[in-house]
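The values are calculated or read from the model by the stated rules, or taken from the named source; none is laboratory data. Since the model is a prediction, treat every value here as computed from it, not as a measurement. In this analysis, Cβ positions are derived from the backbone assuming ideal geometry, glycine residues included, and neighbour counts consider all displayed protein chains.
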Amino acid sequence: MIKIFNNIKSYILSIFLFFLIVLFNFSICCENKKNDICNEHIPSLSKIIDKAMPSIVSIDAEGSKYFHKKKNKKVNNYNFNNIYNYNINEKFEKKYFSSLGSGVIIDSKNGYVVTNSHVIKDTYNIEVKLNDGRIFNSEVVGMDNNSDIALIKLKKAKNLVAIKFFDSDKVKVGDYSIAIGNPYGLGNTVTYGIVSAVGRNGLNIENYENFIQTDASINKGSSGGALINLKGELIGLNTAILSPKEGNIGIGFSIPSNMVKNLTEQIEKYGKVQKRELGIIGIEIDEEISKSMHLKVNKGIFISKVIPYSVAEKVGINIGDIIISINNKLVKNFFSFKSDIYSFPIDKKIELKLIRNGKTKIFFIEKKDFKLFNVNSKNIYRKIPGLLISMIKINGNNIIKVKYVKLNSYAYKAGFRNNDVILNINNIHVNNFSKLDNFVSKKKMISSFYIKRGNNNIYLFMQS
């Protein structure tokens with residue numbers, strides 16, 4: 001009995017000594033700086049951050065803007081006494097401001113950086129700081145206020161690292177997301193969270209909304225920064241937050257990477273985004289609408305109106321058609337559909353799948369279909385300061401259309417905007433430049449311009 005006890009005692013002692021030796025070796029391992037065994041199981045995002053960080057920049061811009069001198073009162077475009085008999089020095093004052101933001105290098109060879117247009121709008125000096133401390137001046141290649149995307153070019157920059165794009169159509173709710181930006185001018189800062197939602201819209205932040213929502217902390221100054229996945233790839237461009245007091249409450253929005261890629265390619269090629277709209281009015285189909293209208297689908301857009309002279313009318317889309325997919329991508333809502341049309345690569349065909357009278361139809365829309373007219377130098381009118389007008393033909397009829405309005409110009413303050421169509425002046429139909437001259441050249445004459453803007457008709461007043 002004593003012998004058995006001694007054997008058990010020896011056995012327990014042996015086990016104790018074994019674990020003591022293992023513990024001793026482990027402690028030596030931890031003290032050895034050349035050995036990574038102790039750290040290899042500790043979760044870390046450092047390698048992902050190291051990969052993406054060289055592509056993220058901080059932006060410090062200076063600008064100026066004219067503001068109305070009266071507090072909290074905007075210029076009334078319909079009261080011509082306040083618009084046309086003004087002295088700019090009395091009614092407006094020039095104020096200087098600084099703007100902090102972030103950006104992402106997307107082309108290392110050409111030095112292209114994408115950011116938000118609201119970061120650099122009205123600025124004249126844009127300084128970009130890289131993560132390695134280098135500072136470059138930059139110039140604006142172009143911007144698109146409708147999507148809040150801008151492209152700038154670094155001057156004389158070398159050894160840049162461009163970020164890799166991820167297909168944002170493959171981003172799913174619950175995916176991990178990392179936001180990198182320059183909050184409050186602190187420099188590149190990293191926050192971590194998940195994708196809270198995709199296809200967010202109806203926020204009235206931009207005209208074309210199809211946001212990725214994340215709870216990764218985004219703050220003032222982070223605009224234009226990157227939202228990346230766990231491979232260090234760009235899934236979105238951080239652009240806005242929902243917050244009652246400008247602080248972060250875990251609701252941030254990013255422009256999807258596909259939209260960023262497609263629109264920056266257009267800006268690089270043309271200097272601007274070629275605006276494209278289908279020209280339809282419709283309602284989103286849900287289960288209730290589907291049942292009431294005896295439809296065979298629960299998702300899509302029911303077309304209730306086709307705008308005259310629009311692309312939709314040109315390619316043969318009719319009232320009552322139901323759009324169910326664009327480029328084999330199911331249509332979720334009207335906002336995302338509108339954004340897809342706007343941001344799709346301009347040189348590629350758009351494929352629309354529709355249901356008409358219970359049968360499936362496929363329509364292809366090409367780049368040329370969006371060009372309902374061609375503008376040349378002979379059709380340009382420049383006699384109204386800040387206003388560029390062209391005479392175009394639609395279905396054989398001459399139409400006067402606004403091509404460009406310079407910011408803060410006489411025309412801009414009068415209320416003219418890009419793509420306005422001038423229907424008549426002083427209730428007289430105008431369809432050529434000679435008729436337009438009759439009103440513009442008469443001194444001290446106030447003319448009422450009847451304008452078609454989108455789906456609305458409005459009056460503007462201008463003194464010659």
Original post:
Restricting attention to the stretch 214-225, does a residue exist that is hydroxyl-bearing (Ser, Thr, Tyr), in contact with a strand residue (DSSP E or B) (Cβ under 9 Å, 6 or more places away or on another chain) and surrounded by fewer than 21 Cβ atoms within 10 Å (Cβ to Cβ)?
Top reply: yes
Original post:
Out of the stretch 331-351, which residues are more than 17 Å from Ala197 (Cα to Cα), of a type in the set (A, V, I, L, M) and without any contact (Cβ under 8 Å) to a residue 40 or more places away in the chain?
Top reply: Ile350
Original post:
Taking the condition under 19 Å from Lys170 (Cα atoms), over 19 Å from the mean Cα position of the chain (by Cα) and outside the structural domain of Thr191 (by TED's automatic domain parsing), does Asn328 pass?
Top reply: yes
Original post:
Do we have Lys109 as surrounded by fewer than 17 Cβ atoms within 10 Å (Cβ to Cβ), over 15 Å from the mean Cα position of the chain (by Cα) and charged (D, E, K, R) here?
Top reply: yes
Subject >> Considering residues of the stretch 138-161 that are in contact with a helix residue (DSSP H, G or I) (Cβ under 7 Å, 6 or more places away or on another chain) and of a type in the set (D, E, K, R) only, the residue nearest to Phe253 (Cα to Cα) >> reply: Asp148
Subject >> All strands (runs of 3 or more DSSP E) inside the stretch 155-231 with 2 or more residues being of a type in the set (Phe, Trp, Tyr) and more than 20 Å from the chain's Cα centre (by Cα) >> reply: none
**OP:** Please find, within the stretch 271-304, the residue that is nearest to Asn455 (Cα to Cα) out of those that are surrounded by fewer than 16 Cβ atoms within 10 Å (Cβ to Cβ) and without any contact (Cβ under 8 Å) to a residue 12 or more places away in the chain.
**Re:** Met293
Original post:
Consider Leu242 against the criteria (1) within 30 Å of Pro43 (Cβ to Cβ); (2) crowded, with 16+ Cβ neighbours inside 10 Å: it satisfies all of them except one. Which criterion is unmet?
Top reply: (2)
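For (1) closer than 28 Å to Gly271 by Cβ; (2) touching a strand residue (DSSP E or B) at 6+ places or on another chain (Cβ under 6 Å); (3) of a type in the set (Asp, Glu); (4) at pLDDT below 80, each residue gets a yes or a no:
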site	(1), (2), (3), (4)
Ile422	yes, yes, no, no
Asp437	no, no, yes, yes
Lys452	yes, yes, no, no
Phe461	no, yes, no, yes
Subject >> Top-ranked residue in the stretch 389-414 [being aliphatic (A, V, I, L, M) and surrounded by 18 or more Cβ atoms within 10 Å (Cβ to Cβ); ranked as modelled with the lowest pLDDT] >> reply: Met391
**OP:** Looking at (1) farther than 23 Å from Glu209 by Cβ; (2) within 30 Å of the chain's Cα centre (by Cα); (3) surrounded by 14 or more Cβ atoms within 10 Å (Cβ to Cβ); (4) modelled with pLDDT of 75 or more, find the lone condition where Leu372 falls short.
**Re:** (4)
**OP:** Quick one: in the stretch 164-203, of everything that is at pLDDT 90 or above and among the basic types (Lys, Arg), which residue is nearest to Ser58 (Cα to Cα)?
**Re:** Lys164
